[in-house]
Amino acid sequence: MFVGVLRIALHLPGNDSLKGKRRIVRSFVDRVRAKFNAAVAEVGENDEHRRAIIGLSVVSNDASHVHAMLGKLASFTRAASGAEVWDISTQTLAMADHLEPLLPSVRDGDDGDFTDEDTDWSNDEEATW
């Protein structure tokens with residue numbers, strides 16, 4: 001599994017209010033969601049009326065598909081954001097093919113209630129939640 005992340009820094013020249021910024025960002029987010037199968041959200045500079053940081057993410061089982069989608073999203077942003085693009089950065093993460101279960105599986109005859117005896121905690125590192 002591959003996860004692609006695109007971070008876009010936008011400059012909104014001539015915008016004088018947070019209400020105007022929300023209109024521009026919301027329009028852009030809605031267009032991205034309608035056109036692409038990608039997650040998108042404003043992730044920074046929330047209280048600045050002339051700047052916005054937008055985060056976009058795609059997931060695929062093919063790294064080349066992730067790279068192609070990130071390229072399309074970057075091109076779309078430059079053309080359709082209604083703002084000046086100051087910076088675009090991307091990152092692709094390769095995830096493990098399988099994930100270890102968080103809890104031991106229920107064995108035949110178990111009642112499904114897990115206790116400390118059901119799990120070997122000796123090799124676990126300190127959990128960070």
Considering residues of the range 5-28 that are of a type in the set (D, E, K, R), at pLDDT 85 or above and loosely packed, with under 14 Cβ neighbours inside 10 Å only, the residue farthest from T90 (Cα to Cα): K19
Pick from the range 23-42, criterion of a type in the set (D, E, K, R) and without any contact (Cβ under 8 Å) to a residue 24 or more places away in the chain, ranking: farthest from F76 (Cα to Cα): R23
Residue list for the range 80-94, filter: surrounded by fewer than 13 Cβ atoms within 10 Å (Cβ to Cβ) and either at pLDDT below 80 or more than 19 Å from the chain's Cα centre (by Cα) (or both): E84, W86
Some residue of the range 55-73 being surrounded by 11 or more Cβ atoms within 10 Å (Cβ to Cβ), modelled with pLDDT of 60 or more, hydrophobic (A, V, I, L, M, F, W, C) and part of a loop (DSSP other than H, G, I, E, B): no
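The values are calculated or read from the model by the stated rules, or taken from the named source; none is laboratory data. All values derive from a computational prediction rather than experimental measurement. Note that each Cβ is placed from the backbone with ideal geometry, even for glycine, and that neighbours are counted across all protein chains shown.
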